[in-house]
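Engineer: Pasting in a structure now, in structure tokens, and then I'll have a few things to ask.
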Amino acid sequence: MGGEPRPDRAGRPDGPRAGRDGRGGGAPPSDGRESDRAAVRRVLLPSPRSFCAGVERAIEIVERLLEQHGPPVYVRNQIVHNAHVVAGLEAKGAVFVSELDEVPEHALVVFSAHGVAPAVEAEAARRGLDAVDATCPLVAKVHAEAKRAADAGDTVILIGHDGHEEVAGTLGVAPGRTVLVETVEGVAEVRVADREKVTYLSQTTLSVSEVEEIAAALRARFPNIRGQGAEDICYATSNRQAAVAAVVDEADLVLVVGSANSSNSNRLVELAAAAGVEAHLIEDAAAIDPAWLDAAGTVAVTAGASAPPVLVDEVVAAIAAAGPIEVVERRVADEPQEFLLPQRLRTHDAPAPSGRTRPPR
Ligand code: SF4
């Protein structure tokens, strides 16, 4: 990871920003001559990008607990998959642990946005921990679907990536009745108790097209399978993929801001690469190789759902430092989604930790 942690996710750098006319501050005044126009690099900003409602909520849960209780606030696993977010919360007193046995008895512990298996919740209760659940409501919805299907006697086939924390949590909802499938080829290996009683679900942060392909293979093998295509993929993941797809044909280079363990960020890189465009996942502006920009007249810059918006601003500023730019925002969807905080953290008068004033959540 390069660069310094940025504890304040509302902070803005002094770099160029897209103006109302879509032009960024990096482009110098031009007298309109052809030579000037040819030298200006275009920076496309597909939108939506960066933080989603589930990530905002999870971070806010930790911040509010730190305000209310003071440090330490223990968090099981990374609250969201972003190194800058984790470093910022650590600087405020959050302590990230891999397992609950690292948390002192009766301490405050937060479950991350990726969700946990019921066995983890039971272990927290057994040890008398004060657990606060920051699981994204859209992950919790998949857990509820898994429980409903398993309770009805179905084998649950989960489309997902082995080892991802969200997958571990969902597999744990009905561990005796759930099997994981990662690829179209893997569908042939699936064993079920009753071919007529099968339901499929998916991890929320996968490639829409990949899940649809796997779902089609499952339907071909189990004609009566229950499931709804790629509908478990969350709005934030599908919107960010649609936004990149909308600009990729114009881009010579795609930069995706996100951490290496961020599933939805990696899917954006894959989408661009599959379109034949050079694409890189970067932690932050410090990770840009200047050589990438040499032949890139148009650069698309986006960010996964766990990456703070300020990091995108800093990437745009870094590109501007390499030469004049014109910034063009390309919005494919609005994201009005906002998720309620857990009841114990809802307040009517407390300002948001970043200093923003917002209505009670
Ligand atoms: S990426 Fe999707 S599932 Fe994950 S926190 Fe954001 S909205 Fe929730």
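The values are calculated or read from the model by the stated rules, or taken from the named source; none is laboratory data. Everything quoted here is computed from the prediction, not taken from an experiment. Note that we place each Cβ from the backbone using ideal geometry, even for glycine, and neighbour counts take in every protein chain shown.
Engineer: Take the residues of segment 102-114 that are under 18 Å from GLN78 (Cβ atoms) and not aromatic (Phe, Trp, Tyr): which is nearest to the ligand (Cβ to nearest atom)?
Structural biologist: Filtering first and then ranking leaves ALA113.
Engineer: Which condition does ASN77 not pass, out of (1) polar (S, T, N, Q); (2) out of contact with any helix residue (DSSP H, G or I) (no Cβ under 8 Å at 6 or more places or on another chain); (3) within 16 Å of the ligand (Cβ to nearest atom), if it passes all the others?
Structural biologist: Here ASN77 clears every test but (2).
Engineer: Would you please name the residue that is farthest from the chain's Cα centre (by Cα), looking only at residues in segment 132-148 that are within 12 Å of the ligand (Cβ to nearest atom) and surrounded by 19 or more Cβ atoms within 10 Å (Cβ to Cβ)?
Structural biologist: Checking each candidate, the answer is HIS143.
Engineer: Restricting attention to segment 150-181, report how many residues are of a type in the set (Asp, Glu) and either surrounded by 18 or more Cβ atoms within 10 Å (Cβ to Cβ) or in contact (Cβ under 8 Å) with a residue 24 or more places away in the chain (or both). Let's see the steps before the verdict.
Structural biologist: From segment 150-181, those of a type in the set (Asp, Glu) are 151, 154, 162, 165-166; that's our starting set.
Now narrow it down to the ones that are either surrounded by 18 or more Cβ atoms within 10 Å (Cβ to Cβ) or in contact (Cβ under 8 Å) with a residue 24 or more places away in the chain (or both): 154, 165-166.
Here the count works out to 3.
Engineer: I'd like the full set of residues that are more than 22 Å from ALA305 (Cβ to Cβ) and among the β-branched types (Val, Ile, Thr), limited to segment 329-350.
Structural biologist: Correct list: THR347 only.
Engineer: Looking only at segment 237-261, which residues are out of contact with any helix residue (DSSP H, G or I) (no Cβ under 7 Å at 6 or more places or on another chain) and among the small types (Gly, Ala, Ser)?
Structural biologist: Hits for segment 237-261 are ALA242, ALA243, ALA246, ALA251, ALA260.
Engineer: May I ask you to verify whether LEU268 is within 12 Å of ALA307 (Cβ to Cβ), over 13 Å from the mean Cα position of the chain (by Cα) and not assigned by TED's automatic domain parsing to the domain that holds GLN203?
Structural biologist: no
Residues checked against (1) at negative phi; (2) over 17 Å from the mean Cα position of the chain (by Cα); (3) outside the structural domain of TRP292 (by TED's automatic domain parsing):
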{"position": "GLN203", "(1), (2), (3)": "yes, no, yes"}
{"position": "ILE214", "(1), (2), (3)": "yes, yes, yes"}
{"position": "VAL244", "(1), (2), (3)": "yes, no, no"}
{"position": "VAL247", "(1), (2), (3)": "yes, yes, no"}
{"position": "ASP252", "(1), (2), (3)": "yes, yes, no"}
{"position": "VAL257", "(1), (2), (3)": "yes, no, no"}
{"position": "SER262", "(1), (2), (3)": "yes, no, no"}
{"position": "ALA275", "(1), (2), (3)": "yes, yes, no"}
{"position": "HIS280", "(1), (2), (3)": "yes, no, no"}
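Engineer: Looking at ALA117, ALA125 in this structure, which one is hydrophobic (A, V, I, L, M, F, W, C), away from the ligand (no atom under 13 Å from the Cβ) and under 29 Å from ILE225 (Cβ atoms)?
Structural biologist: ALA117
Engineer: Only one of these is crowded, with 19+ Cβ neighbours inside 10 Å and within 14 Å of the ligand (Cβ to nearest atom): ALA236, ALA215. Name it.
Structural biologist: Only one candidate passes the filter, namely ALA236.
Engineer: Scan VAL208, VAL181 and give me the residue that is away from the ligand (no atom under 16 Å from the Cβ), touching a helix residue (DSSP H, G or I) at 6+ places or on another chain (Cβ under 8 Å) and at pLDDT 95 or above.
Structural biologist: None of the others qualify; the one that does is VAL181.
Engineer: Got at least one residue in segment 198-207 being within 30 Å of ALA296 (Cα to Cα) and small (Gly, Ala, Ser)?
Structural biologist: yes
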